[in-house]
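Scroll down for the structure; my scribbles are underneath it.
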Amino acid sequence: MSFSATAADAGETNFPALDSSYLKTGDFIGPDHVKRVRPGQHKDQVRRELGNPHFSEGIFNVREWDYAFNFYTGKGNEYVTCQFKVKFDSDNRATSTHWKDPDCEKYINPPPAKDAPMIEKVLPRRVELGADGLFAFGKSDLGNLDPAGRSKLDDLANRLKQDEVKLSSVVVTGHTDRIGSEEANLALSQARADTIRNYLIQKGLDGRLVRAYGAGKAKPVVQCPGQKLTPQLVQCLQPNRRIEIEIVGEQ
């Protein structure tokens, strides 16, 4: 469960105008990323889950990070945009989180259905695959999908197609390193996510439940020194080149 501000804190919290975000319409994110933010976490740990803040307040010498997240409502392709804030202390440790609209909390911690059992076995919600182990370098099409990568995806699809699994949604997100332009990285990450989505559908998953997004280089999990393109820099940045598959369902 994510942590929340006290009522007194919430009264002192101001949010920037949504249209002042460089994203304008928000960013799709798996609810588990938000739920994993905990008090006491360092800014680097928060950034690993949520990415860089979506507004212009800066990253390092500030006490607040603001985000705009999109969550599907469960009604077709309809989604809502929710503004989210993380506050930090002088040691860059998270102290509290805030929603501009308190109703947005339900997309992170949905209330149980009235007829739902008290205990449910929820599927593991995130599978992370190194993009270098799936595709040839710089490639994104099905023909460049590595045989070992295909095998991993086949195993995942077979597990999700089991009769006892009730699948709600699968979100495939592609990520790149910082090498290259923002536009090129967005295009590459989206193309790779689309390929994985289409492959899972070919393997029998319901296409209505599988979505694909490209995050480009916006959400690195490691930071590496240097700007000159060297084999050492490429190797250091490898963890950022990845595919994340968010799974929601129950057994």
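The values are calculated or read from the model by the stated rules, or taken from the named source; none is laboratory data. Values in this document were obtained by computation on a predicted structure and should not be read as measured data. Counting neighbours? That spans all protein chains shown, and the Cβs are built from the backbone with ideal geometry, glycine included. SASA here: full protein model, heavy atoms, side chains in, ligands and nucleic acids out. Shrake-Rupley method; radii C 1.70, N 1.55, O 1.52, S 1.80 Å.
Quick rundown of the values:
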quantity	calculated
Charge sum, other residues only, whose C-beta stays under 14 Å from Val62's C-beta, Lys/Arg counted +1 and Asp/Glu -1	+1
Hits among lysines - C-alpha to C-alpha of Lys35 under 16 Å, sequence gap 8 or more where chains match	Lys43, Lys85, Lys87, Lys106
Relative contact order (%) - the chain, alpha-carbon pairs under 8 angstrom, separation at least six	20
Pairwise FRET efficiency - Thr73 versus His42, Cβ, R0 = 45 Å, nearest 0.05	0.85
GNM result for the chain, Cα springs below 10 Å: residue of Gly149, Gly216, Gly204 fluctuating most strongly	Gly204
Apportionment of accessible area to carbon and sulfur, the chain, percent (1.4 Å)	51
q = 0.18, 0.28 Å⁻¹, the stretch 147-223: log10 I(q)/I(0) [Debye, one scatterer per Cα]	-0.76, -1.21
13 Å beta-carbon shell around Asp155, net charge (K/R +1, D/E -1)	+4
Estimated vicinal HN-Hα couplings, Hz - the stretch 54-67 in sequence order (Karplus 6.51, -1.76, 1.60; Gly, Pro = x)	8, 10, 8, 6, x, 10, 8, 9, 10, 9, 9, 10, 10, 10
Listed residues Lys43, Lys87, Lys152, most fluctuating in the chain (Gaussian network, C-alpha, under 10 Å)	Lys152
Estimated inter-spin distance, Thr13 and Asp141, nm [label 7 Å along Cα→Cβ]	4.8
Derived scalar couplings ³J(HN,Hα) [the stretch 230-242; Karplus, 6.51 cos²θ - 1.76 cosθ + 1.60; whole Hz; x for Gly, Pro]	10, x, 5, 5, 4, 5, 4, 7, 3, x, 6, 8, 8
Gained length - Asn52 relative to Arg150, 0.36 nm times residue gap less alpha-carbon distance	32.2 nm
Per residue, in Å², the accessible surface of the chain once ligands and nucleic acids are set aside, probe 1.4 Å	54
Cβ-defined net charge surrounding Thr176, 13 Å radius [Lys, Arg +1; Asp, Glu -1]	+2
Fluctuation leader among Val221, Val210, Val62 - the chain, Gaussian network, Cα springs under 10 angstrom	Val62
Matching label, semi-axes √(5λ) of the Cα gyration tensor in Å computed from the structure shown, candidates (i) 30, 26, 15; (ii) 35, 19, 17; (iii) 24, 23, 20	(i)
Percentage relative contact order, the stretch 25-90, counting C-alpha pairs under 8 Å, at least six apart	32
Additional length obtainable on full extension of the chain from Arg208 to Ile59, 0.36 nm per residue less Cα span	49.9 nm
